[in-house]
Amino acid sequence: MRNAQLVWLAGVWLGVCLQPLTTFAQERDLTQALLPSSVTTYHTPHVDRLAELIESPAKPIAEISRGPIIPEPMVFDLVRPLGARQGEFEINMLGLIPLKRARGTPAIEWAPEVEWAIRDNLAIEFELPIGDGKLEAYKFAVQYTFGHAFEERFIHGSQGIYVYDRDRKSSVITLLYLAGVRFDENYSLVAMIGARTEFAGNTPARRVGFLVDPLETIPEATTIGREGGSRTETLLNLILFREINERLVLGFEVNYARGLEGEGTLLLMPQVHWDFLPNWEIQFGIGMQAISGDTIGLAAFRLIREW
């Protein structure tokens, strides 16, 4: 009897000692059953995400879009394409050969120039018009791109041009609004709208070429002789492009100028743009120019090197 009482007391004591462990185990099982695994492993996803960020390199910030890429006209070109990025640099040379030479005008005209984007959307240009080997003028231009819109199908900006005629000591100032439209992957259009004014010098009149005085390049025997004073004309240029592939573009350039006195000039220039080497492009075409009722043929080319 005494032994039975001892065994019973030992069992009660052991049960009291094991009760906390049993209760803890039961609560643990109940917690796992009632709470979702996402709660019970609350810290694990954050620890894993932190490890990914530490181990994986940071992704670069996406480059700001420059807008639609649209070719440049050949004869009345831009100062770099609209949306130019800082550091873009270009050297090119325009050549114009009248197929019917007016007496006293150059047989061929050259215009070497440099173009440089000094920061995003802002580019400058310096050009030296040369007629038959003689430096005729200095030309400086600046161009600014306002921005683009319509899902990168439209881009616009402005351009200012200053030309100083060395012989006549006269100045020509041109201000233009520029707009480019990308219709699809093949067709695009550039429009230029503005005006230019010549502030004539006090030297005698002389015959001029296409590059120095586009205001009044009239065949045969016309001069631009005013001593002092000024003259202004409005400008409208439209250039339609058809891109055949990445290296070949066809274009049709229309340049129209009308003086306030009523006289106008019209240039029609079909053209081909060919990227014949990396960073090298040649543009060429044969068109016509109508001036004061007369029409002359005009061949043109432009050789371009970009960096």
Report task. Looking only at the range 112-119, decide whether some residue is over 19 Å from residue 158 (Cα atoms), over 20 Å from the mean Cα position of the chain (by Cα) and in a loop (DSSP other than H, G, I, E, B). Result -> no
Query raised in the report: Which ones in the range 256-279 are surrounded by 16 or more Cβ atoms within 10 Å (Cβ to Cβ), under 21 Å from the mean Cα position of the chain (by Cα) and under 19 Å from residue 190 (Cα atoms)?
Result: 271, 273
**Report entry** Pair list, Cβ < 8 Å and 6+ apart or interchain, from the range 229-242 residues that are assigned by TED's automatic domain parsing to the domain that holds residue 199 to residues that are basic (Lys, Arg) and in a strand (DSSP E or B)
**Finding:** 232/196; 233/196; 233/258; 234/258; 235/196
Query - Condition check for residue 282: out of contact with any Phe, Trp or Tyr (no Cβ under 6 Å at 6 or more places or on another chain), surrounded by 13 or more Cβ atoms within 10 Å (Cβ to Cβ) and in the same structural domain as residue 159 (by TED's automatic domain parsing) - result: no
**Report entry** Scope the range 227-270; condition closer than 18 Å to residue 94 by Cβ and β-branched (Val, Ile, Thr); matching residues
**Finding:** 239, 249, 254, 265
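Go through the range 289-307 and give me each residue that's under 30 Å from the mean Cα position of the chain (by Cα) and modelled with pLDDT under 95. Give the derivation first.
So the first thing to find is which residues in the range 289-307 are under 30 Å from the mean Cα position of the chain (by Cα), and the list is 289, 298-307.
Passing the criteria: 289, 298, 307.
Can you find a residue in the range 122-132 that is part of a loop (DSSP other than H, G, I, E, B) and at pLDDT 90 or above?
First pass over the range 122-132, keeping only residues part of a loop (DSSP other than H, G, I, E, B): 128-129, 132.
Add one more test, that the residue is at pLDDT 90 or above, and what stays is 128-129.
Checked against the condition, which is being part of a loop (DSSP other than H, G, I, E, B) and at pLDDT 90 or above, the range 122-132 yields at least one hit.
Just to check your reading of the model, which residue among 174, 197 is in the same structural domain as residue 96 (by TED's automatic domain parsing), among the hydroxyl-bearing types (Ser, Thr, Tyr), at pLDDT 95 or above and closer than 28 Å to residue 84 by Cβ? Can you show your working first?
On the way: 197 fails: at pLDDT 95 or above.
From the options 174, 197, the qualifying one is 174.
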Query raised in the report: In the list 91, 97, which residue meets the criterion of being of a type outside the set (Asp, Glu), on the phi < 0 side of the Ramachandran plot, within 33 Å of the chain's Cα centre (by Cα) and modelled with pLDDT under 95?
Result: 97
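Here is a list: 112, 106. Which entry is closer than 22 Å to residue 282 by Cα and not hydrophobic (A, V, I, L, M, F, W, C)?
Working: 106 fails: closer than 22 Å to residue 282 by Cα.
After ruling out the rest, the residue left standing is 112.
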Query - Cβ pairs under 7 Å, 6+ apart, first in the range 268-291 and more than 13 Å from residue 306 (Cβ to Cβ), second exposed (fewer than 14 other Cβ atoms within 10 Å of the Cβ) and among the hydrophobic types (A, V, I, L, M, F, W, C) - result: 274/248
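Could you please give the count of residues in the range 285-307 that are assigned to a loop (DSSP other than H, G, I, E, B) and buried (at least 16 other Cβ atoms within 10 Å of the Cβ)? If you could, list the steps in order and put the result at the bottom.
We begin by selecting, within the range 285-307, every residue assigned to a loop (DSSP other than H, G, I, E, B); these are 292-293, 307.
From what's left, buried (at least 16 other Cβ atoms within 10 Å of the Cβ): none.
Residues in the range 285-307 being assigned to a loop (DSSP other than H, G, I, E, B) and buried (at least 16 other Cβ atoms within 10 Å of the Cβ): 0 in total.
The values are calculated or read from the model by the stated rules, or taken from the named source; none is laboratory data. Because the structure is predicted, anything quoted here is derived from the model rather than measured. Glycine also receives a Cβ, built like all others from the backbone with ideal geometry; neighbour counts cover every protein chain displayed.
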